[in-house]
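Data block below; observations after.
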């Protein structure tokens, strides 16, 4: 099965005319969403200052053509992509593809923005490149089999994302199919990302999409100069799928290629934490909402609850549910982002879970309520759904099953909701409203630098 050849041809030849309106519109919302996250993370994420200082030492002080958020001077394409990718993942607020179990935009969009600036491209080519990048990253996530990939300790956002980043950058650099295949062959050597970050709340997770974005654009530039990449890097006997999975499904990478666009199956996040906690947050907010909010009559006071049991599948348990002693006492923001118990307690006590709510880390009331939340394995749960069983002090038991959280394609965030999220994250920046308008009209933008250059100043 010539997976590499078919994906290379698709990524190299995709044009805006090939992309249906629904996919175009969703792509623009994904760009708007990530832009707001990058702006806020640049300012507020505790990891941003040291990461920025390191990037400066790595050559970021040298003038270059590409934009990193918040940097008045341009820098090289790989370093701009690295910094923007790290910012984009630092809040754990970026888009997700449930079936592939990864975050495609945070690898693809930073690489695409940098490559577009290198190429002097306009909005139509940028849109087409991002759509191609989402397809490549997500299709490889499906083909590598998320369960098997996770079980071996890989972070699929980064491992699959490097191919998506190479596809987007290569499309903007106008690589032909042969050179696109070479870019994939080079990117395969850079496919890396480990779940070991869960052990100590490290910043590896935030950096890994930046590493993938940088490596993707480097692979595309090397291929553009004629550097030869490995043949069959995806399906080969020592290639990505066989090397990174015990149960690969190469046919999934090609299913409905060119007619089904994976960006339309990508969800945007209403909460800044691991997606496996989102269905529980929707349910918990409904239970404790003001009267009439959820329409189910499950309106409680936190004092009414003796125990909240949240049923999760194996992936959810691994990421946000266990070990419970650590999940109930997160030591830092990264721990909190992967703690169902913490984010659930915040939602129960305060009605929501936003970026500013990480101020409740260490709060005694939140800690006390988290002791009443239990994550339990539930083999009937699919994807990022959950079940919630509330055991009340008066003896009542309330149960609900949530198939999918807000933001999934079947329950999408509206354009107005995405714009409101962007303005909430970036609204203090003087250029926010103009930037949002440009992104939402991206196909009419003659030069992408009209979008990127304002991102250099966050006064």
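The values are calculated or read from the model by the stated rules, or taken from the named source; none is laboratory data. Note that the coordinates shown come from a computational prediction; the quantities given were computed from them, not determined experimentally. Virtual Cβ from ideal backbone geometry, glycine too; neighbours counted across all protein chains shown.
Values as computed for the structure displayed
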| item | result |
| --- | --- |
| Selection from region 341-373 of residues that are touching a residue at least 40 places away in the same chain (Cβ under 8 Å), closer than 18 Å to residue 301 by Cα and part of a helix (DSSP H, G or I) | 343, 344, 347, 348, 349, 369, 370 |
| Residues that are touching a helix residue (DSSP H, G or I) at 6+ places or on another chain (Cβ under 9 Å) and part of a helix (DSSP H, G or I), drawn from region 186-206 | 186, 187, 188, 189, 190, 195, 196, 197, 198, 204, 205, 206 |
| Options 401, 368; residue that is at pLDDT 95 or above, within 29 Å of residue 147 (Cα to Cα) and surrounded by fewer than 19 Cβ atoms within 10 Å (Cβ to Cβ) | 401 |
| Helices (runs of 4 or more DSSP H) enclosed by region 374-459 - at least 3 residues per element that are over 22 Å from the mean Cα position of the chain (by Cα) | 432-440 |
| Among residues of region 174-185, those that are surrounded by fewer than 19 Cβ atoms within 10 Å (Cβ to Cβ) and either part of a helix (DSSP H, G or I) or at negative phi (or both), counted | 3 |
| Selection count where residues are under 26 Å from the mean Cα position of the chain (by Cα) and either crowded, with 17+ Cβ neighbours inside 10 Å or modelled with pLDDT of 95 or more (or both), scope region 355-365 | 6 |
| Region 122-160: number of residues that are in contact with a strand residue (DSSP E or B) (Cβ under 7 Å, 6 or more places away or on another chain) and part of a helix (DSSP H, G or I) | 6 |
| Residue match in region 292-308 (condition: in contact with a strand residue (DSSP E or B) (Cβ under 6 Å, 6 or more places away or on another chain), under 30 Å from residue 202 (Cβ atoms) and crowded, with 23+ Cβ neighbours inside 10 Å) | yes |
| Tally, over region 331-346, of residues that are surrounded by fewer than 24 Cβ atoms within 10 Å (Cβ to Cβ) and over 14 Å from residue 274 (Cα atoms) | 2 |
| From the options 114, 81, residue that is closer than 24 Å to residue 16 by Cβ, part of a helix (DSSP H, G or I), in contact with a strand residue (DSSP E or B) (Cβ under 7 Å, 6 or more places away or on another chain) and in contact (Cβ under 8 Å) with a residue 40 or more places away in the chain | 114 |
| Test: residue in region 201-217 that is surrounded by fewer than 23 Cβ atoms within 10 Å (Cβ to Cβ) and over 21 Å from the mean Cα position of the chain (by Cα) | no |
